[in-house]
1. Could you run through segment 10-43 and say how many residues are at pLDDT 90 or above, open to solvent by 40 Å² or more (accessible area, probe 1.4 Å) and either of a type in the set (Lys, Arg) or part of a helix (DSSP H, G or I) (or both)?
2. Contact list please: Cβ distance under 9 Å, first residue in segment 145-161 and closer than 16 Å to Leu98 by Cβ, second residue surrounded by fewer than 16 Cβ atoms within 10 Å (Cβ to Cβ), pairs at least six apart or on different chains.
3. Look at segment 50-65 and say how many of its residues are assigned to a helix (DSSP H, G or I) and either of a type outside the set (Gly, Ala, Ser) or without any contact (Cβ under 8 Å) to a residue 40 or more places away in the chain (or both).
4. Let me spell it out: the conditions are (1) in contact with a helix residue (DSSP H, G or I) (Cβ under 6 Å, 6 or more places away or on another chain); (2) more than 27 Å from Leu39 (Cα to Cα), and Glu126 meets all of them except one. Which number is the exception?
5. Return the residues of segment 66-108 that are under 22 Å from Ala155 (Cα atoms), in a helix (DSSP H, G or I) and among the hydroxyl-bearing types (Ser, Thr, Tyr); say none if nothing qualifies.
6. Is it the case, given these coordinates, that Gln129 is polar (S, T, N, Q), farther than 12 Å from Gly105 by Cα, open to solvent by 30 Å² or more (accessible area, probe 1.4 Å) and assigned to a helix (DSSP H, G or I)?
7. Do we have Gln148 as open to solvent by less than 60 Å² (accessible area, probe 1.4 Å) and either charged (D, E, K, R) or part of a helix (DSSP H, G or I) (or both) here?
8. Out of the residues in segment 91-113 that are more than 16 Å from Ala160 (Cβ to Cβ) and not aliphatic (A, V, I, L, M), which is most open to solvent (accessible area, probe 1.4 Å)?
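The values are calculated or read from the model by the stated rules, or taken from the named source; none is laboratory data. Note that the structure is a prediction, hence the values are computed from the model and not measured. Don't worry about glycine lacking a Cβ; one is built from the backbone with ideal geometry, like all the others, and counts go over all protein chains shown. Heavy atoms of the whole protein, side chains included, go into the accessibility calculation; ligands, DNA and RNA do not. Shrake-Rupley method; radii C 1.70, N 1.55, O 1.52, S 1.80 Å.
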Amino acid sequence: GLELYRELHGLYPTAYVTYNLANALVEAAKFGGDDSDWLDHQERTRAYRAEARQGYWRVSQDVDADVELRTQAWTNIANLFAKTYRLSEAHDARLAALKVDPTNGVAAFCAALGLMWLFERGGCSELTQMEAVMLARQALRNKERIVQYAGARVAAKVEALAGDRK
């Protein structure tokens, strides 16, 4: 599938094809690793992840691309950063996704989860917790988007985070 997307992208380098090529690269990077050789797997797949980030970046910066595609590209960049523990960059990418589309409930919820994770480890102030709850509530206002992209179970987690800390 990856090679087909590369060929298609060579012929039609549209935002949609670039986005899907980046998705194919992310999927290709998932194969061949397990928990016992995580670091080795990360090193072997770093070129795929870098190329995927570049593709998502091109889509996120394409003002002619659909807003929904641009915000998804930012969200996917954030996910790539988060999976390699580049948490600050992941948070910034999620905020960029929200700037493109404030109704991106997935980006808002993931940003909230990241902040709560940091807060619960004791490295942040109460303001971090407040921002996390604010982001969870923003996500909850766009619950239908969360269900659409991440499913009902994730939507239930958003409700819990938004309601637990008032």
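1. The number of residues fulfilling the criteria is 5.
2. Ile146/Ala152
3. 11
4. (1)
5. Thr71, Thr75
6. For Gln129, the condition - polar (S, T, N, Q), farther than 12 Å from Gly105 by Cα, open to solvent by 30 Å² or more (accessible area, probe 1.4 Å) and assigned to a helix (DSSP H, G or I) - is met.
7. Here the answer is no, as Gln148 does not meet what is asked.
8. Restricting to residues being more than 16 Å from Ala160 (Cβ to Cβ) and not aliphatic (A, V, I, L, M), the top hit is Lys99.
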